[in-house]
Number of protein chains: 2
Amino acid sequence: MTDASSLVERRRAASQRQFLDVATAEDALQRFWQAADPQPLGDESVSLDEALNRVLASDIQSPVDVPGFDRANVDGFAVRAQDTVGAREDAPVVLALTDDVLTPGVEPCSTVTAGFASVIATGGMVPRGADAVVLVEDTELVERDGRQRVQIGKPLPAGAFIAFAGTDVGRGETVLRAGQLLTSREIGVLAAIGLAEVPVFRRPHVAVISTGDELVQPGQPLAAGQVYDSNGSIVASALREIGCEPVRLGALPDEYEAQQKALRHALDCDAVILSGGTSKGAGDLSYDVVSTLSDPGVIVHGVAIKPGKPLCLAVTGSKPVVILPGFPTSAIFTFHQFVAPVLRAMAGMPVQTHERVVAELPMRLSSERGRTEFSMVSLMRTDDGFAAYPMGKSSGAVTAFSKADGFIRVDAQTELLPAGSKVEVQLLSRSLAPADLVTIGSHCVGLDYLLQQLQKEGLATKSMHVGSQGGLAAARRGECDIAGIHLMDPESGEYNTPYLEPGMRLLKGYRRMQGFVYRRGDARFTGIATPQQAVTAALGDADCVMVNRNAGSGTRVLIDELLHGAQPAGYAVQTKSHNAVATAVAQGRADWGIAIDTVARLYELEFIPLQEEHYDFVIPESRWELPVVQRFVALLQNPDVQSGLQALGFQR
Amino acid sequence: MTDASSLVERRRAASQRQFLDVATAEDALQRFWQAADPQPLGDESVSLDEALNRVLASDIQSPVDVPGFDRANVDGFAVRAQDTVGAREDAPVVLALTDDVLTPGVEPCSTVTAGFASVIATGGMVPRGADAVVLVEDTELVERDGRQRVQIGKPLPAGAFIAFAGTDVGRGETVLRAGQLLTSREIGVLAAIGLAEVPVFRRPHVAVISTGDELVQPGQPLAAGQVYDSNGSIVASALREIGCEPVRLGALPDEYEAQQKALRHALDCDAVILSGGTSKGAGDLSYDVVSTLSDPGVIVHGVAIKPGKPLCLAVTGSKPVVILPGFPTSAIFTFHQFVAPVLRAMAGMPVQTHERVVAELPMRLSSERGRTEFSMVSLMRTDDGFAAYPMGKSSGAVTAFSKADGFIRVDAQTELLPAGSKVEVQLLSRSLAPADLVTIGSHCVGLDYLLQQLQKEGLATKSMHVGSQGGLAAARRGECDIAGIHLMDPESGEYNTPYLEPGMRLLKGYRRMQGFVYRRGDARFTGIATPQQAVTAALGDADCVMVNRNAGSGTRVLIDELLHGAQPAGYAVQTKSHNAVATAVAQGRADWGIAIDTVARLYELEFIPLQEEHYDFVIPESRWELPVVQRFVALLQNPDVQSGLQALGFQR
């Protein structure tokens, strides 16, 4: 019991300490920046071939003129413009030729004097005396007095078809400035002025350490209660994206000595990023280790934001040391908001600007008073702008960050943003990825399969899973092209059609079988033939735990009908998907639930068929004629696609 | 002479051949795409650490649930929600503790039955029977009957602080689809589902060959008439940017056998990109080599576009073989427009979308009838949108592409876009690089130095050099923050002030010395003390060639005053910068010109002072109070900056 009470006491102490010290987001950013005072780490010279995506460390003055000489821009003859004055097709000027044949790379021997011309090719060096080039198409070669001459049928202005030396880049001109990120365009300029090597800022080496007893590296098997170390990979990749070099030091257990040793080693790098496991306890341990640093040591521990409250920001001897929260979305969000700006400055990268768009919230969003909340959203284009769908996943969800287009900020003072609010969305990427087809509604493995076929054709699709009712609402508001729904009208027993509203069309999808699922070998249900009998058996055993679905889902309607008002153990556990139901049963956290046969098979559960339901597609009239929607319609007619759906357990 | 006439005949033939076969831009794109029929080249497996910026080759279904178990989102106690019904602070519920202490990674031993609770930490596995977690802050540990118990002061809803298994990612769910470009966000998802390796498309290997007798590799010295091979570096970097692996095969002379041998070798790669030197002749030779290919061979030779007319697109055995035009802007423009889409498809990269903005042309733009012209533009923000400044450089200019924000397309039928036209600008990058300070006007090495100081402070600046008059016009239209001008009023002899208009302020800049420049040791001018005497000496020698400046420039006013109406040889060569004047004299293409002493020193020319002129800054009243403008004003007062300017030859 000592173990339990010490754990509890440590947690309580930690939570109280954090509450006392907690900083606002702005304050945390500013204090960390000031303590770190980030500067580029010095220069190194790299060859032009290695310079892509590096940052220039010095201003570059051109050592040469570009072009380096007056250059002919066409094939023809270098002439004195004044010699062509008055030339007409019917009264051409005839000029003698010098001995020069000025192909590129050839230095002229002769000056072009009055009455003379030199043959010149595109890129050739215009000889002294000449001030124009006449196009070969505008000339004839003629023989006169035993010598070849050129006949010119129209007058030329001085400077015609000549690029003068230094007009692109003048010698001594600053062509690029320190801090410039080098893309192919800048590399072209550096090559044109003849630089084979360029001075670039050294990339900061950043140690990446994950901590947590529960962490397992990708590729290894997971035991119960363990999780994959995703933060290590996310942080390492995100570091590369901002011009840093990650130095991965692996995942450490929650042991003080191990972490202290690793931190000492990590401080050979220019910065250190630790990320806790999912436990606040692990964060405390890392904090204990980091809090031994000085000069100046910990700057911020705890920020009044969600996600990301346990963030710890420290600096030692100008090296930033950071403990990111363990949950992936919190970790990556706080990395980008608080840590990346400092590391970018150390890498010499230009300050990142974030694009923003204004969008409308399709549903209300509640928030906790007293801390700034950042809510990941997915943007859907509407007829007059954007709708911002909150991802609605917890900070533990690694997919929240990966599927979001951006996030909105809800002030510490705001408790509720009503549906229809205009919000400002800060984009995660520099620009929006436009989707060819947007689906919003109930999630189904069958719809997944259909979208996959479209993706194979190169079409970009975007999905939000907000349940059948949410899909209908999105279709009404014009936020989606297609809403997947499976709603039974309790009066008529008819699926979907009764829910159609004016301006919507119904596209018949497929049927799928709902049923009672339980673990293989569970004697309570073995041999039972109908779901109703199975439920009766379940209700007869007080230890038998169910797993429920969320209110408003089509499946919940079925469950409530089966239970006739009973609320057995587990009724309150309202999961949001067929997969969640099947997992709970497969892992023994519950004993039964209602789910579709496709997932029952996936999780190797027993399945007693209950009701075949219709999963159909609601399409706003205004979208019906879109080529991508028609492509979707055609897909459902395709025999190969139909067999694909059938193989998954869906009947057309 | 045979040499001259054969060169001329070859050019003429080439130009006629191209004219007959020439394709429209759309036609060229479509024919090349159809012949190449680009497909990803197959898969390879890479470790997650190497997967950044690669393209996923297969759909990824999750092999696990994420979370893999019902996970506590806070530190506290796992309980049955129904046990907390009715709990109040003054009438708390007291529960016994099981033996479990569920830190992350620990598998529960006990089921939570009525009246019991298990200690659990954030990330811990919720035990069977429990359906809620109570926050440690909302509890007290109490001792009763010799056992530690937990006292809970408020009721909990079922599901409180639990992330149910599979709610982030369900087992079997498609988490990412083939064709997805992997950023740190996707890599996080792949790590979270435990993948250590991922299938990605193989990167196309693309051979890069430059051709041209005049080409010299960066880092080597240039002889007269030679140019640096910039296309090799630009194309190689641009290939990396679109997911290809460049295989650089160097620069080849204009020799048939050498090129044929190189092409044979290059066809080991998945595609070949040749780029001509600056000569059309070199392009013809490469064309002769490429035209020997079959299956099907050359698809397009010559496209009715500018820049880029000589583009050659071929395919052999499904491998694209391309000859880009030699001039850098033509090469990189045609690469992006015609070649990159095909190579991206081979790399499996998503189709690139191009952002567009509408802008106003501040000046008229003329275009050649009969071919589609693409004009590189620099965008300046105005009060009500954007102004698009045509870069006005030839296709030989490597800086045109590197400094442009985008380009506009002028149809083959359009000969002139008047000033004020609304044009659609296709951006070169996915988003606009905003500048903190925009300067438009006359170019000066001193202004360059001042902007450099601002850049050192992290401010982004953008400059367009359109002459003093152009700068004044830009200031009038609100397109710039600062216009650098040096215009003498011929009446009063006063600089700049007479040109001010209402709504503009003048910020005094510095003085610079204009003078007569000539090569060292030119006996015609040696010992002469005044520019007027030097000009008299020049006019007395018919072989003495001058170099002029463009009409409208401040320097041209000085020149015309000196010449008193005379127009000696070279008068028609109207260069656009001090640098161009100095280069012409230094290289012997001209014997004298008028330029500032800074460039005279740079090019080691003799200098006879003519006139001190005032280079000042015109600032629209509406911009005066901008912090960045005030920073610029302060810079000019800074003693260090003043000595810096002085060292360059500019007097405050």
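The values are calculated or read from the model by the stated rules, or taken from the named source; none is laboratory data. None of these values were measured; they are calculated from a predicted model. No Cβ is skipped: glycine too gets one built from the backbone with ideal geometry, and neighbour counts run over all protein chains shown. These area figures cover heavy atoms from the full protein model, side chains too; ligands, DNA and RNA do not enter into them. Shrake-Rupley method; radii C 1.70, N 1.55, O 1.52, S 1.80 Å.
Given all pairs of different Cα atoms, what value in angstroms does the Kirkwood hydrodynamic radius of the range A:484-576 take?
On the way: mean 1/r = 0.0657 Å⁻¹.
Taking every pair of different Cα atoms in the range A:484-576, averaging 1/r and inverting gives 15.2 Å.
What FRET efficiency do you get for residue B:383 and residue B:561 if R0 is 45 Å and r is their Cβ-Cβ distance, rounded to the nearest 0.05?
Values: r = 39 Å, r/R0 = 0.86.
Once the sixth-power term is evaluated, E becomes 0.70.
How far is it, in nm, from the label point at residue A:265 to the one at residue B:530 when both lie 7 Å from their Cα along the line to the Cβ?
So the label points at residue A:265 and residue B:530 sit 8.2 nm apart.
Size of the range A:106-203 along its principal axes in angstrom, Cα-based, largest extent first?
For the range A:106-203, the Cα extents along the three principal axes come out at 70, 25, 19 Å.
7 Å along Cα→Cβ for the label point: how many nanometres lie between residue B:86 and each equivalent label in the other copies, listed shortest first?
Copy-to-copy label distances for residue B:86: 12.0 nm.
If r is the Cβ-Cβ distance from residue A:257 to residue B:47 and R0 is 35 Å, what FRET efficiency results, to the nearest 0.05?
According to the calculation, E is roughly 0.70.
In nm, one decimal, shortest first: how far is the label point of residue B:255 (7 Å from Cα along Cα to beta carbon) from the matching points in the other copies?
6.8
When the convex hull of the C-alpha atoms of the range B:530-652 is computed, what volume per residue in Å³ does it have?
Numbers: hull volume 15.0 nm³, N = 123.
It comes to 122 Å³ per residue, whole-number rounded.
I'd like the mean, over residues of A:349-355, of how many other protein chain beta carbons sit within 10 Å of each residue's own Cβ.
Partner-chain Cβ atoms within 10 Å, mean over residues of A:349-355: 2.
Need one word for chain B: rounded, prolate or oblate. Basis is the Cα gyration tensor (sqrt eigenvalues a ≥ b ≥ c); a/c below 1.5 gives rounded, then a/b vs b/c decides.
Taking the square roots of the gyration eigenvalues as a ≥ b ≥ c, chain B is oblate.
Run down the lysines and flag those whose C-alpha is under 29 Å from the C-alpha of residue B:261, throwing out any fewer than 8 positions away in its chain.
B:280, B:309, B:319
Show me the ranking of peptides B:102-111, A:456-465, A:126-135 by mean Cβ neighbours inside 10 Å, starting with the highest.
Per-residue Cβ counts within 10 Å, averaged per peptide and sorted highest first, yield A:126-135, B:102-111, A:456-465.
Each label point is 7 Å from the Cα along the Cα-to-Cβ direction; what then is the distance between the points at residue B:96 and residue A:647, in nm?
Going by the 7 Å Cα→Cβ label model, 5.5 nm.
Given an 8 Å cut-off on Cα distances and at least 6 residues of separation, report the relative contact order of the range A:282-394 as a percent.
Normalised by residue count, the contact order of the range A:282-394 is 19 percent.
What order do you get for A:169-180, B:641-652 when each peptide is scored by the mean count of other beta carbon atoms within 10 Å, highest first?
Values: A:169-180: 21.1, B:641-652: 16.3.
The densest-packed peptide leads the list: A:169-180, B:641-652.
Counting only other chains, and only Cβ atoms inside 10 Å, what mean value do you get across the residues of B:235-244?
That average works out to 4.
Restricting to bridges with both residues inside the protein assembly as shown, how much of the DSSP beta-bridge set is antiparallel, in percent to the nearest 5?
DSSP beta bridges in the protein assembly as shown are roughly 70 percent antiparallel.
Return the average number of partner chain Cβ atoms within 10 angstrom of each residue Cβ along peptide A:105-113.
Working: counts 15, 5, 4, 3, 0, 0, 4, 0, 3.
Across A:105-113, the average partner-chain Cβ count within 10 Å equals 4.
Accessible area per residue for the protein assembly as shown in Å², computed with a 1.4 Å probe and the full protein assembly in place, what is it?
Ligands and nucleic acids excluded, the figure is 38 Å² per residue.
So what does log10 I(q)/I(0) come out to for the protein assembly as shown at q = 0.05, 0.06, 0.09 Å⁻¹, using the Debye formula with one equal point on every Cα and no solvent?
Here the Debye-derived log intensity ratios amount to -0.46, -0.64, -1.19.
Within the range A:204-258, report the GluC sites (Glu not before Pro) that DSSP leaves as loop and that have at most 15 other Cβ atoms within 10 Å.
Passing both the DSSP loop test and the Cβ count: A:255.
Quick one: if the Förster radius is 35 Å, what FRET efficiency do residue A:295 and residue B:353 give, using the C-beta to C-beta distance and rounding to 0.05?
Here the calculated transfer efficiency is 0.10.
Using 0.36 nm times the number of residues separating residue A:217 and residue A:415, minus their current alpha carbon distance, what extension gain do you get? Intermediate values should be presented prior to the final figure.
Details: separation 198, 0.36 × 198 = 71.28 nm, distance 3.91 nm.
Gain in length upon complete extension: 67.4 nm.
Could you state how much accessible area is buried at the B-A interface, both sides summed, with a 1.4 Å probe, in Å² to the nearest 100?
Buried area (both sides, nearest 100 Å²): 11200 Å².
With no solvent and one equal point scatterer per Cα, compute the Debye intensity ratio I(q)/I(0) for the range A:232-326 at 0.12, 0.13, 0.15, 0.23 Å⁻¹ and report its log10, rounded to two decimals.
With one equal scatterer per Cα and no solvent, log10 I(q)/I(0) is -0.34, -0.40, -0.55, -1.35.
How big is the C-alpha Rg of the range B:379-509 next to the rule-of-thumb value 2.2 N^0.38 Å, as a ratio?
For the range B:379-509, the normalised Cα radius of gyration comes out at 1.15.
For chain A, which whole-number percentage of the solvent-accessible area (1.4 Å probe, protein heavy atoms only) is attributable to carbon and sulfur atoms?
On the way: 12170 of 24860 Å².
Answer for chain A: carbon and sulfur cover 49 percent of the accessible area.
List, by residue number, every residue in the range A:152-167 with a reduction of 10 Å² or greater in accessible area between the chain on its own and the complete protein assembly, 1.4 Å probe.
When all protein chains are present, A:158, A:164, A:165, A:166, A:167 each give up 10 Å² or more of accessible surface.
How would you rank B:375-388, A:351-364, highest first, on the average number of other Cβ atoms within 10 Å across their residues? Show your work: numbers first, answer last.
Numbers: B:375-388: 19.9, A:351-364: 15.4.
Order by mean packing, descending: B:375-388, A:351-364.
Hey, for residue A:37 with labels 7 Å out along Cα-Cβ, what do the inter-copy distances come to in nm, ordered shortest first?
Its label point is 6.5 nm from the equivalent points in the other copies.
Against the 2.2 N^0.38 Å scaling, with N counting residues, where does the range B:20-132 land? I'd like the Cα-based Rg ratio to two decimal places. Mind dumping the intermediate values first?
Working: Rg = 28.9 Å, N = 113, 2.2 N^0.38 = 13.3 Å.
My calculation over the Cα atoms of the range B:20-132 gives 2.18.
According to a simple spin-label model (label point 7 Å from Cα along Cα-to-Cβ), what is the distance in nm between residue B:89 and residue B:453?
Calculated label separation equals 6.2 nm.
Tell me, what does the Kirkwood hydrodynamic radius of the range A:339-450 come to in angstroms if you use every pair of distinct C-alpha atoms?
15.7
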